[in-house]
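Beneath this line is the structure, given in structure tokens, with notes to follow.
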Amino acid sequence: MMTVDTTPGNSASAGAGDAAGDTDEDLALRRQAPAEESSRASRHWWDRNADEYQDEHGAFLGDDRFTWCPEGLDEADAQLLGPTAELAGREVLEIGAGAAQCSRWLRAQGARPVALDISHRQLQHSRRIDLSRGDVPIALVQADAAVLPFADGSFDLACSAYGAVPFSADTAALMREVHRVLRPGRRWVFSVTHPIRWAFPDEPGVEGLTASASYFDRTPYVEQDEQGRASYVEHHRTLGDRVRELVAAGFTLLDLVEPEWPAELQQEWGGWSPLRGRHLPGTAIFVSERSS
């Protein structure tokens, strides 16, 4: 599930407020947001906005396409999880799966995916797609990615396309959980908004090319209601933070992919645009392997 920004006028972060549907009354600011508040906000926000998100982005995402980012890098071409021919029979956990488009592609390659998301409504869209196609529904689990309800060593691969990681207050714990449920020597690959984007206004035009905030400010981006209750939370980590979290959890970083904007792609996705894509990286994809 790609959860990149489409909130008009957001100037606080590069990845905040993905789908349209936020209430105009919510106040956007930077403040601390602990794990429980972040998790609750994400669950409610995605349940509330899942329908509009799928309506707006469903055509780009497809029903069974595994794309890592708004730049349109597909797993079929990149093979970041390993050779496509070797996916058959692999047990794969998709984290922050949304409507499980990536899992559906994995299943078509012969893999055995499980799609996990914090939002019940997003998972309902996965079931809707499968039923409309006459397919056996993808295995679905509703849970917080930082507390995975699986036994140790349950999966051969774990992946996430803009899902869960940016919304977790404790991504170090999330990395440890993914390490726990993976088998030794197996890959964990995830994409997030490129951290450098947090220094720039999230606008597709020229105003999005001038840094206006500190890249090193890790204060979460929060949208909250009149009572001060968070309705949306997104957390920033630097590139170094992400690498250190992976290493501390027991992973080896194999690659850091920064997809370039394709010359033929003219579609905008919130702050992602051909103009910004020619100047700034929009996505960072971390390819790692469980060390032991």
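The values are calculated or read from the model by the stated rules, or taken from the named source; none is laboratory data. Model, not experiment: these values are computed from the prediction. Note: ideal-geometry Cβ built from the backbone for every residue, glycine included; neighbour counts use all protein chains shown.
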Q: Give the number of residues within the stretch 2-34 that are more than 26 Å from residue 281 (Cα to Cα), at pLDDT 95 or above and surrounded by 16 or more Cβ atoms within 10 Å (Cβ to Cβ).
A: 1
Q: Could you please find all residues in the stretch 64-95 being under 19 Å from residue 286 (Cα atoms) and assigned to a helix (DSSP H, G or I)?
A: 75, 76, 77, 78, 84
Q) For residues in the stretch 96-145 being among the charged types (D, E, K, R) and under 21 Å from residue 189 (Cβ atoms), which is surrounded by the fewest Cβ atoms within 10 Å (Cβ to Cβ)? A) 112
Q: Say whether the condition of being more than 19 Å from the chain's Cα centre (by Cα), acidic (Asp, Glu), assigned to a helix (DSSP H, G or I) and farther than 25 Å from residue 157 by Cβ is met by at least one residue in the stretch 210-218.
A: no
Q. Taking the stretch 96-150, which residues are under 19 Å from the mean Cα position of the chain (by Cα), in a helix (DSSP H, G or I) and either within 14 Å of residue 64 (Cα to Cα) or basic (Lys, Arg) (or both)?
A. 101, 102, 103, 104, 105, 106, 121, 125, 126
Q.
Checking the condition touching a Leu at 6+ places or on another chain (Cβ under 9 Å) and either touching a residue at least 60 places away in the same chain (Cβ under 8 Å) or surrounded by fewer than 21 Cβ atoms within 10 Å (Cβ to Cβ) (or both), which residue from 281, 195 passes?
A. 195
Q.
Would you confirm whether or not the stretch 48-63 contains a residue that is among the hydrophobic types (A, V, I, L, M, F, W, C), touching a Lys or Arg at 6+ places or on another chain (Cβ under 9 Å), in a helix (DSSP H, G or I) and closer than 23 Å to residue 256 by Cα?
A. no
Q: Among the residues of the stretch 243-274, count how many are part of a helix (DSSP H, G or I) and over 19 Å from residue 70 (Cβ atoms).
A: 7
Q | Qualifying positions in the stretch 146-174 - within 25 Å of residue 88 (Cα to Cα), buried (at least 16 other Cβ atoms within 10 Å of the Cβ) and aliphatic (A, V, I, L, M) | A | 148, 157, 158, 161
Q. How many residues does the stretch 251-292 contain that are touching an Asp or Glu at 6+ places or on another chain (Cβ under 6 Å) and of a type in the set (Phe, Trp, Tyr)?
A. 1
Q) When you look at residue 185, is it at positive phi, in a strand (DSSP E or B), at pLDDT 95 or above and surrounded by fewer than 19 Cβ atoms within 10 Å (Cβ to Cβ), yes or no? A) yes
Q) Which of the residues spanning the stretch 201-253 are hydrophobic (A, V, I, L, M, F, W, C), surrounded by fewer than 15 Cβ atoms within 10 Å (Cβ to Cβ), in contact (Cβ under 8 Å) with a residue 12 or more places away in the chain and more than 24 Å from residue 36 (Cβ to Cβ)? A) 206, 209, 211, 216, 253
